[in-house]
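The values are calculated or read from the model by the stated rules, or taken from the named source; none is laboratory data. If you're wondering where the values come from, they're calculated on a predicted model, not measured in any experiment. Glycine gets a Cβ as well: all are built from the backbone with ideal geometry, and neighbour counts include every protein chain shown. What goes into the accessible areas is simple: the full protein's heavy atoms, side chains included, and nothing from ligands, DNA or RNA. Shrake-Rupley method; radii C 1.70, N 1.55, O 1.52, S 1.80 Å.
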Amino acid sequence: MNSEESVMDRPASPSRETGEVVLSARNVAKSFGSVHALKSVNFDIRRGQVTTLFGENGAGKSTLMKILSGVIQPSAGEIVLDGRPVSFDSTVDAQRHGISIIHQELSLAPNMTVRDNIFMGRELGGPGGVNYAEEARETERLMAELDEPIDPLTLVEDLRLGQQQIVEIARALSVDSRILIMDEPTSALSASEVEVLFRVIADLKGRGVSIVYISHHLEEALTITDHAVVLRDGAMTARAERSEIDLEWIVRHMVGDNFDLGSPPTGHTMGEVALSLDNISVADVAVPERSVVDRLSLSVRAGEIVCIYGLMGAGRTELLECAAGRVTASDGHVMLEGEDISRLSIAERIERGLVLVPEDRQRDGLVQTMTVGENLSLASIKAFTRGLLTSGRREQGVVDDSIRNVHIKTDGGGAGIGSLSGGNQQKVVIGKMLATHPRVVLLDEPSRGIDIGAKAEVFRLLAEGASKGLAVIYSTSEVGECLSVAHRIVVMSRGRISAEFGADVTREEIMAASGE
Amino acid sequence: MSDVQGNASSDTAARSSSRSAPRRAGGFDLGRMLLEGRAFFALIAIIIIFSILSPVYFSTNNFLTMSSHVAIFGLLSIGMLLVILTGGIDLSVGSTMGLAGVIAGFLMQGVSLDMFGVTLYPPVWAVVILTCVAGAFVGMINGVLVSIFRVPAFVATLGTLYVARGVALLMTDGLTYNNLGGNPEFGNTGFDWLGFNRLFGVPVGVLIFAAVAIACMFALNRTPFGRWVYATGGNARAAELSGVPVKRVQVWVYVLSGVCAAIAGLVLSSQLTSAGPTAGTTYELTAIAGVVIGGAALTGGRGNVRGTLLGAFVIGFLSDGLVIIGVSSYWQTVFMGAVIVLAVLLNSIQYKPRKKRAPDAGEKKAPASSGAA
Ligand SMILES: Nc1ncnc2c1ncn2[C@@H]1O[C@H](COP(=O)(O)OP(=O)(O)OP(=O)(O)O)[C@@H](O)[C@H]1O
Ligand SMILES: [Mg+2]
């Protein structure tokens, strides 16, 4: 309890806080076996205000939110709603009390339409069964509110990750709740979509809805929050009002000291062109005559870090997937160190040193039935196979190295992958691909959900790799990341490169070129 | 208290325990042990109950006889396990098994080449190889249909189920090959060796079954192929992006399943010293039951050979026991069905993604006692 001074709740002095407390957690603790995810946490949510929860990966943020929304039950402590202790035994129960949650990991049914997902479990009745027309109208209205005109009848699996996230948000909005919990709602969204979301949040606040917001995009979160709470290792270490804090305050309480993400590595000479994409076109899955990537050429040299900045739907994911061999180009060539690899399989490309860290960790990154260790070693099985057999000892070596390199919060890798926090799962995806000792690495929004410390660590790894000749293509929708890691910044828009900058560019120039 | 973690990792921990002991989750939990070892305890219970009910049940000889029955669909179950681990299903194994027996019978009768006016009598080892190749061929068709042409496994293998059975009937005109003993004159004796005979007092079929099981256990736990099988079944997209040759793995598991079925067909026809075109009808379902009772998930990615072996023995010892104590075959069917459903029921408890905590004292009392805090 070293945090006495800053944490101490002041229950009897609501004078400074405008909104009254509607929901609070009192001394809530939660253990998973021997893991103490939460240790006696007190947390208040105030009417019509945004409370932001900060904390490192694995600090217990999602666990606390799951407890408040009835997904899991606390091991100890209680939840107080409007001054009365309550216990939710399911999300449905919590929803009845007006609490809904947007989960960190998307929980949509990919085989169903946007409309059916939004109304899943609460279908609107009509004289002849479900009133689909009304549902579709309502869906359209929600989508318009979020500025994302998606046809209600689109299948969710045909949507990009960011769009899925918007559907997830729309679903939470469609229930009129008085408390809305958002666990990293913007991790796959780009700046303009975030702006729309913030407008919606402001609107909700005006209507008296209380909001809990979790994000690793600290600056972004600061712009909407009214209160900040910091969790660390399952305990609350600080809490303050917006007017009293700044970015430095958050980082200091989150990780214990202050640091920034650094700047692009310099001082090493770059080598030959490692990967070059020549005139690549990728057809849209839904509309084959349209191209999501349109005759695009891009090359990266050994030792160079190139950032691709762009809005959602700019074609970045498709471009990288095409380079990695997941989707086939309708036109153009992928050249790795002078060799045309356009016809090679993903496995053959990985063997030649070209790897992709995919964007969607649940769908493309992790094997949910395997342990942390088995996931980490999956792409580098050959490294610990002698003859026909794998060696358990060598595998453990690979796993331990990865856990150390990307700072995964787990012990030894024997636990199921599902027991890791979202950010730690993301680190597994990154660690797995880096464990193959690649020569060219493509990262598609790799910082999705990882905390600032881990992000700095990944940047350090990339910089270190680059100084040894690793070529990096790093796709992101955060300008700040471009500026801290890239030697060269390429802005993509509608499947083409719309601008290219050196490391000395400013934030505004990049944003302007992307069409924001 | 380790319930939640147990869901996610219990199976993988069990699976990897042979590889690296320190990675196993510690702690002793009776409920979890019973749940994980349920097939084992079921087997013990079956043996005890039938030994009480019948004096002849508990004897070495009876166990060996029952084991040689188990060997047949146990072989099918092991091939089936590989397929199920990748998230597929192979309904064609029973038919493939029948077809394999018929092909072996056909070859043992001698192949007459009218063109040259001679009849060839392939030696038994050649018969074995050709039969296994035939099994592999059926499996390859399944595998290619599933992986390359993306036909749902259920439908693709349902098709081959009919085709293989039809071919077996066509080859024999519906009749049975009875003379599989071979003839010393033609140098093709020894078919008895595959299942009928005993080695060190153990039926050869059981030894073959054991050898296949050990090979498969090794392949799953200690080779890249094994890891690929689990990864493909767990999340094929992620596996592919990690460099797992998913399509090749899919083809291979069906090929191996076909080979297992062919071996089972050889052992069965040797045991019966005859090969009929309808042998193995509905055995695919028994094979699936064995895999499921052994704790594998039909959705793929979870399961192991040890469980499948136990599952096969549970089915075999139960059905033979029912026969021995004279339960009518109608009741046998009812019992088998009940056991299968019970097993799947327990599976879904074990693999429930986020199990609700049993309301324990701390949790339920908390709101009342600390209300004033
Ligand atoms: N089902 C589970 N089984 C075992 N441990 C778990 C489980 N769920 C969470 N944990 C552990 O609880 C801790 C807190 O996890 P939580 O998901 O709340 O973190 P978080 O703060 O949301 O992190 P992130 O920023 O990465 O999302 C972690 O150490 C995690 O490993
Ligand atoms: Mg989280």
What number goes with the only condition from (1) open to solvent by less than 40 Å² (accessible area, probe 1.4 Å); (2) without any contact (Cβ under 8 Å) to a residue 24 or more places away in the chain that A:Gly55 does not pass? (2)
Could you list all residues from region A:228-259 that are surrounded by fewer than 21 Cβ atoms within 10 Å (Cβ to Cβ), of a type outside the set (A, V, I, L, M, F, W, C) and assigned to a strand (DSSP E or B)? A:Arg232, A:Thr237, A:Glu241
So A:Asp411 clears everything in (1) open to solvent by less than 10 Å² (accessible area, probe 1.4 Å); (2) within 11 Å of another protein chain (Cβ to nearest Cβ); (3) not hydroxyl-bearing (Ser, Thr, Tyr) except one condition, right? Which one? (1)
Could you list, in sequence order, the residues of region A:492-509 that are surrounded by fewer than 23 Cβ atoms within 10 Å (Cβ to Cβ) and either not assigned by TED's automatic domain parsing to the domain that holds A:Ala456 or not in a strand (DSSP E or B) (or both)? A:Arg494, A:Ala503, A:Asp504, A:Val505, A:Thr506, A:Arg507, A:Glu508, A:Glu509
Enumeration of residues in region A:205-219 that are buried (at least 18 other Cβ atoms within 10 Å of the Cβ) and more than 16 Å from ligand 2 (Cβ to nearest atom): A:Lys205, A:Val209, A:Ser210, A:Ile211
Read through the list (1) within 16 Å of ligand 1 (Cβ to nearest atom); (2) surrounded by 22 or more Cβ atoms within 10 Å (Cβ to Cβ), then give the number of the only condition that A:Gln362 fails. (2)
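Results for (1) small (Gly, Ala, Ser); (2) closer than 28 Å to A:Lys382 by Cα, shown as yes or no for each residue.
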| position | (1), (2) |
| --- | --- |
| A:Gly414 | yes, yes |
| A:Asn424 | no, yes |
| A:His437 | no, yes |
| A:Leu443 | no, yes |
| A:Ile452 | no, no |
| A:Glu457 | no, yes |
| A:Leu470 | no, yes |
| A:Leu483 | no, no |
In region A:63-78, what residues are under 21 Å from A:Arg47 (Cα atoms) and within 16 Å of ligand 1 (Cβ to nearest atom)? A:Leu64, A:Met65, A:Lys66, A:Ile67, A:Leu68, A:Ser69, A:Gly70
Checked against (1) within 14 Å of chain B (Cβ to nearest Cβ); (2) under 26 Å from A:Gly418 (Cβ atoms); (3) in contact with a strand residue (DSSP E or B) (Cβ under 8 Å, 6 or more places away or on another chain); (4) crowded, with 18+ Cβ neighbours inside 10 Å, A:Val35 satisfies every condition except (3)
Looking at (1) away from chain B (no Cβ under 13 Å); (2) more than 16 Å from ligand 1 (Cβ to nearest atom); (3) touching a residue at least 60 places away in the same chain (Cβ under 8 Å); (4) open to solvent by 10 Å² or more (accessible area, probe 1.4 Å), can you tell me which one A:Ala466 breaks? (4)
Please identify the pairs in which a residue from region B:302-322 that is open to solvent by less than 30 Å² (accessible area, probe 1.4 Å) has its Cβ atom under 9 Å from the Cβ atom of a residue that is assigned to a helix (DSSP H, G or I) and among the basic types (Lys, Arg), counting only partners at least 6 apart or on another chain. B:Gly303/B:Arg15; B:Asn304/B:Arg15
Working only within region A:120-154, note down all residues that are open to solvent by less than 30 Å² (accessible area, probe 1.4 Å) and either in a helix (DSSP H, G or I) or in contact with a strand residue (DSSP E or B) (Cβ under 8 Å, 6 or more places away or on another chain) (or both). A:Glu135, A:Ala136, A:Thr139, A:Leu142, A:Met143, A:Pro152
For region B:285-308, the count of residues that are of a type in the set (Gly, Ala, Ser) and within 9 Å of the chain's Cα centre (by Cα) equals 3
Give the residues of region A:422-460 that are outside the structural domain of A:Leu319 (by TED's automatic domain parsing), out of contact with any Ser or Thr (no Cβ under 6 Å at 6 or more places or on another chain) and within 16 Å of ligand 1 (Cβ to nearest atom), sorted by residue number. A:Gly422, A:Gly423, A:Asn424, A:Gln425, A:Gln426, A:Lys427, A:Val428, A:Val429, A:Ile430
Is there a residue in region A:386-398 that is more than 12 Å from every other protein chain (Cβ to nearest Cβ) and over 27 Å from A:Val300 (Cβ atoms)? no
Kindly indicate which of A:Ile341, A:Ile350 is of a type in the set (A, V, I, L, M, F, W, C), facing chain B (nearest Cβ under 7 Å) and under 27 Å from A:Val292 (Cβ atoms). A:Ile350
What number of residues within region A:60-112 satisfy the criterion of being open to solvent by less than 40 Å² (accessible area, probe 1.4 Å), within 16 Å of ligand 2 (Cβ to nearest atom) and of a type in the set (S, T, N, Q)? 4
Output the residues belonging to region A:276-313 that are among the acidic types (Asp, Glu) and either open to solvent by 50 Å² or more (accessible area, probe 1.4 Å) or not assigned by TED's automatic domain parsing to the domain that holds A:Ser493 (or both). A:Asp278, A:Glu289
By residue number, the members of region B:218-239 that are more than 7 Å from every other protein chain (Cβ to nearest Cβ) and among the aliphatic types (A, V, I, L, M) are B:Ala219, B:Leu220, B:Val229, B:Ala236
Cβ-Cβ under 6 Å pairs, at least 6 apart or on other chains, region A:214-227 side assigned by TED's automatic domain parsing to the domain that holds A:Glu241, far side hydrophobic (A, V, I, L, M, F, W, C) and within 12 Å of ligand 1 (Cβ to nearest atom): A:Ile214/A:Leu53
